[in-house]
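Read the structure below first, then the notes.
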């Protein structure tokens with residue numbers, strides 16, 4: 001099986017026609033489904049949160065079969081993810097896409113779990129610590145994208161599970177949990 | 001016999017002819033009786049054989065295949081009905097029934113990928129993967145038998161030959177001769193181009209495109225515009241080796 005770094009690629013990745021957007025509806029639907037799963041899996045394993053269409057994204061090119069997804073195809077697959085709620089366009093021009101391999105709700109749950117696991121039910125912690133601190137190391141929170149984290153925090157704030165407060169700089173922004 | 005002249009001679013000759021005739025009939029009857037008896041003996045010996053080698057028949061595909069041949073020679077079809085002596089004795093009816101169900105399953109699951117046409121070899125491999133530890137190996141011969149039983153359901157299951165390969169069709173799509181020829185051509189590299197079809201089969205451009213478009217619409221072909229030479233390629237999942245298709249792991 002071909003690998004991209006440590007990531008094992010599925011068989012269809014080596015079948016050239018999958019790199020061309022198929023005209024026949026049923027075939028295209030299947031193709032889109034396969035690519036959606038692949039993109040989500042890849043981003044999850046590699047901890048990638050943003051895909052920029054015009055930049056080189058290793059998943060969109062197969063150097064062995066010498067095929068590359070056209071922009072049209074890339075946009076089609078990402079749009080499908082957006083429709084499913086597993087991604088969001090970050091700009092009107094559809095050039096950058098935020099990948100939600102965990103939905104915002106899932107991230108919220110993970111945050112709550114993090115709080116419980118670290119005895120922070122009534123505690124305070126900085127955004128910085130959540131993203132890069134020692135406690136978050138080894139968890140999915142480590143290295144989380146800022147935008148996504150903010151969204152999850154907002155969701156939890158609305159539910160009264162925490163309060164976000166600003167510090168002297170963005171790095172000092174913190175959270176007080178009330179789980 | 002001495003020939004005698006006159007009417008007497010003629011009567012003797014007639015009587016002799018009659019006797020020969022009767023003798024001939026007797027011989028014929030005896031031969032038929034003998035054959036019947038031999039057949040009956042053979043049949044009961046076949047039944048004994050089946051009883052004794054039940055396990056081998058269940059587990060060993062080569063053995064099973066030869067057993068079917070033996071049965072066919074004496075006009076016995078162990079699969080003719082799911083009840084009755086043979087089916088009960090060997091449970092072989094169940095075996096093929098189960099196989100049939102699994103084959104239908106696999107064909108349905110792979111249909112989005114190959115348009116309803118799957119290489120027999122690939123089908124068998126997927127079948128084996130799915131059955132894994134189950135009671136013995138499944139051969140292509142077993143698959144073919146199970147599929148022939150499926151035909152009875154009128155479900156559109158059929159085995160067609162394209163070049164050297166056998167493909168199992170699980171959709172009502174009828175493949176005409178033109179389509180068949182393209183599939184055969186595609187067996188070489190897994191794909192064809194319009195140029196190639198025109199050249200190798202001596203067709204007009206229109207005829208080639210027509211046939212290819214139909215195959216595309218039926219989901220049997222996929223287009224590939226990514227080659228650096230800029231020529232569109234039509235790939236046929238059903239003739240490609242297994243490793244180039246997906247879904248294997250999830251089946």
Length-normalised contact order of the stretch B:174-250 in % [C-alpha pairs under 8 Å, at least 6 apart]: 32 percent
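Would you kindly state how much longer the chain becomes between residue B:225 and residue B:164 on full extension, computed as 0.36 nm times their sequence separation minus their alpha carbon distance, in nm to one decimal? Could the numbers behind the result be given before it?
Values: separation 61, 0.36 × 61 = 21.96 nm, distance 2.82 nm.
In short, 19.1 nm is gained.
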Residue order, fewest to most surrounding Cβ atoms within 10 angstrom, among B:34, B:222: B:34, B:222
Angle between chain A longest axis and helix A:146-158 axis [Cα atoms, degrees, rounded to 10]: 50 degrees
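Could you tell me how many cubic angstrom of Cα convex hull volume the stretch B:174-250 has per residue?
On the way: hull volume 8.0 nm³, N = 77.
Per residue, the Cα convex hull of the stretch B:174-250 comes to 104 Å³.
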For a label point 7 Å along the Cα-to-beta-carbon line of residue A:63, residues of the stretch A:4-46 with backbone N under 12 Å: A:4-5
Taking B:150, A:48 and counting other C-beta atoms within 10 Å, the order from fewest to most: A:48, B:150
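Quick check on the stretch B:91-170: what are the equivalent-ellipsoid semi-axes from the Cα gyration tensor, as sqrt(5λ), descending, whole Å?
Numbers: eigenvalues 69, 40, 30 Å².
Equivalent ellipsoid semi-axes, largest first: 19, 14, 12 Å.
How would you rank A:166, B:165, B:132, going from fewest to most other Cβ atoms within 10 Å of each one's own Cβ? Working shown, then result.
Details: A:166 10, B:165 16, B:132 6.
Ascending number of Cβ neighbours within 10 Å: B:132, A:166, B:165.
Just want to confirm a number: the relative contact order over chain A, from Cα pairs under 8 angstrom separated by 6+ residues, in percent. Please list the in-between numbers first.
On the way: 215 pairs, mean separation 30.3, N = 179.
17 percent.
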Gap separating the Cα centres of the stretch A:45-93 and the stretch B:1-65, nearest whole Å: 78 Å
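What order, most packed first, do the peptides B:35-42, A:36-43 have when packing is the mean number of other Cβ atoms within 10 Å of each residue?
Working: B:35-42: 11.2, A:36-43: 18.9.
Packing order, densest peptide first, comes out as A:36-43, B:35-42.
Every read-out reported here was derived from the displayed coordinates using simple, explicitly stated rules and does not represent laboratory data. For clarity, every value in this text was computed on a predicted model and none was experimentally measured. A quick note on method: Cβ atoms are made from the backbone with ideal geometry, for glycine too, and the neighbour counts reach across all protein chains shown.
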